[in-house]
Amino acid sequence: MLAGTLSATEGTAHIYDLNTANPSDVMRIRSMLGVCLQEDILFDTLTARQHLTFFAWMKGIPKANIPNEVVKILEELDLAEKVDVQAIKLSGGQKRKLSVAIALVGDPKIVFLDEPSSGMDPYSRRHLWSELQRRKEGKVIVLTTHFMDEADILADWKAIICKGKLRCAGTSLFLKNRFGIGYHLTMVVDQGADKTAITTLIQGFVPNITIYRTTATEIAFILPMDSTYSFANLFGAIETAINDDTVGIKSYGISMTTLEEVFLKMGEVDKAEEMHLKDIHQQYQKEIDEVVLLKGTKEAMPLATVEPNGFQAFVAFFKVRILLFVRTPMHIVPFIVLPAIMVLLSHAFLSKN
C-alpha cells in the first residue's frame, strides 16, 4: 500500500507530503522509492548487471550514468565478481544481495527492506549492515527483521509487532528501560567459590536481585532497572573482593537487557492475554452447556447448512468485482474502457465497409 500497488480499504498515508491514494502522487513516490521484498523477485536468465541496468533505467537514471552506477553498487555489496553471472546460478545469499542492490540503485530517498539479510552468512550480513549505516543519512529506511541484534544496530527507531499487533515503539534505550527485565551482572568464579557469600555481597547494595544462571564457574544476576544509583558502590565492593580474593570472584561484567528479551517479554504478554481469553471462552461455554442441560437435552445444536446456488455465487463475485473497481479505479480501463473502445472501432470499421 505504501508503494502504491494496493489501495487501502480506509485511511490515508502520506510520504513526503504525497498521498498514496492519489495516482499522480503515487508516480512521484515510486520515482524516489526502492523496495526489497521478502522473496527474491529476479529473472533467472538475466545477469546481475542486466538486472541493475534494467531497474536503473526504470528509475530514470540518465543512460550515460547507468554503467558506472551499476558497477558501483555491485562493488559496494560485494557482488563485483558475479556481475555477469545469471541470477539462477547465484547462491541464496548472493540473490539476496542482488535484491538489496536493486532497492538501493539510484540512491532513492525511501527504501523498504523486508528481511534483507536473511540467508546471508555472518560476514555478508555484517558487510550489509555497514553499507546500510553508511547510506542511511538523508534517507528513510524501513526495515523488517527477525534478528534483534540487527534491529538494535541499524534502526534509530524500533517497533515490535507480536501476532500482528504493534506492541511498542521507540529507541533502544527507551524500550530497554520501559520493557526490559533489568541489568545482567555476570561473574566468573572459582570452582570452590562461596556463591552464597557472593549473593550476600551483591544484596548488600542491591537487595532485589534475581539469580539468572549459575554454573560451576559462573553466576549471573539480574539487577532491577532502578538500581543504577548503587552501581558505583557495588562495583567498588566487587573490585575489593577480587583483589583480596575473599569470596572467589575472578572477574565480572555487566550488560543491559537486550532487545531479544524485550521481544520475548512482549510475547509473554500476548500469551497471558491469550490464556485470559481462553478462560473467558471456557466460562461462556460452561454456561451454555448448563443452559442446554436445564432444557433437558444433551444433544448438540445442529449446525446450519447453506448450499449456495449459481445465482448467489454470481452475486458474490459481482460484489467483489465492484469493490475492486471502487478501490482501484484504474482496473476499469482494461476490463471496461478498452473493450468498449474496441467494440466501437469494430462497429465503425464494419459500417464503413
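Packing, taken as the mean count of other beta carbons within 10 Å per residue, orders the peptides 46-52, 250-256 from highest to lowest as 46-52, 250-256.
When peptides 111-120, 257-266, 150-159 are ranked by their average number of other Cβ atoms within 10 Å per residue, the highest-first order is 111-120, 257-266, 150-159.
What does the helix-only formula give at 222 nm for the chain: each DSSP H stretch with n ≥ 4 adding -39500 (n - 2.57), the total divided by the residues, and the result rounded to the nearest 500 deg cm²/dmol? Write out the running numbers ahead of the final one.
Values: 12 runs with 165 residues, N = 353.
Result for the chain, helices only: -15000 deg cm²/dmol.
Taking Lys and Arg as +1 and Asp and Glu as -1, the other residues whose beta-carbon sits under 13 Å from that of L74 total -3.
Here the gap between N68 and K89, fully extended at 0.36 nm per residue and compared with their Cα-Cα distance, gives a gain of 5.2 nm.
In Å, what Kirkwood hydrodynamic radius results for segment 182-256 from the alpha-carbon pair distances? Could you put the intermediate results ahead of the total?
On the way: mean 1/r = 0.0824 Å⁻¹.
Across segment 182-256, the inverse of the average 1/r is 12.1 Å.
Couplings 3J(HN,Hα) of segment 14-29, computed from phi: 10, 10, 6, 6, 9, 8, 5, 8, 9, x, 5, 5, 4, 5, 6, 5 Hz, in residue order, whole Hz [Karplus 6.51 cos²θ - 1.76 cosθ + 1.60, θ = phi - 60°; x for Gly and Pro]. Contact order for the chain, expressed relative to its length and based on alpha carbon pairs under 8 Å spaced 6+ residues apart, stands at 12 percent.
For segment 128-179 versus segment 181-223, the spacing of their alpha-carbon centroids is 31 Å.
The fewest-to-most ranking of F55, F43, F231, F349 by surrounding Cβ atoms within 10 Å reads F349, F43, F231, F55. Pairs exceeding a 18 Å alpha-carbon distance, out of K165/K319; K59/K158; K165/K265: K165/K319; K59/K158. Suppose we look only past 33 Å in the calculated P(r) of the chain. What percent of the Cα-Cα pairs does that tail hold? Here the long-distance tail beyond 33 Å is 59 percent of all Cα pairs in the chain.
Using a simple spin-label model with pseudo-atoms 7 Å out from Cα toward Cβ, Q38 and L166 lie 1.9 nm apart.
Between T186 and D156, what's the calculated FRET efficiency when r is the beta-carbon distance and R0 is 25 Å? Round to 0.05. Write out the running numbers ahead of the final one.
On the way: r = 29 Å, r/R0 = 1.14.
Once the sixth-power term is evaluated, E becomes 0.30.
Couplings for segment 96-107, taken from phi via the Karplus curve 6.51 cos²θ - 1.76 cosθ + 1.60 with θ = phi - 60°, read 5, 4, 5, 5, 5, 4, 4, 5, 8, 4, x, 6 Hz in order; Gly and Pro are left as x. Using a simple spin-label model with pseudo-atoms 7 Å out from Cα toward Cβ, F314 and F54 lie 4.2 nm apart.
Taking the DSSP beta bridges with both ends in the chain, the antiparallel portion is around 75 percent.
Around the amide H of K250, modelled in the peptide plane, lie the amide H atoms of V188, V189, D190, all under 5 Å away and 5 or more residues distant in sequence or on another chain.
Taken along the Cα-to-beta-carbon direction at a fixed 7 Å, the label points for A197 and R178 span 4.4 nm.
Where a number appears in this text, it was derived from the coordinates with a stated rule and is not lab data. All figures in this text were calculated on a predicted structure; none of them were measured in a lab. No Cβ is skipped: glycine too gets one built from the backbone with ideal geometry, and neighbour counts run over all protein chains shown.
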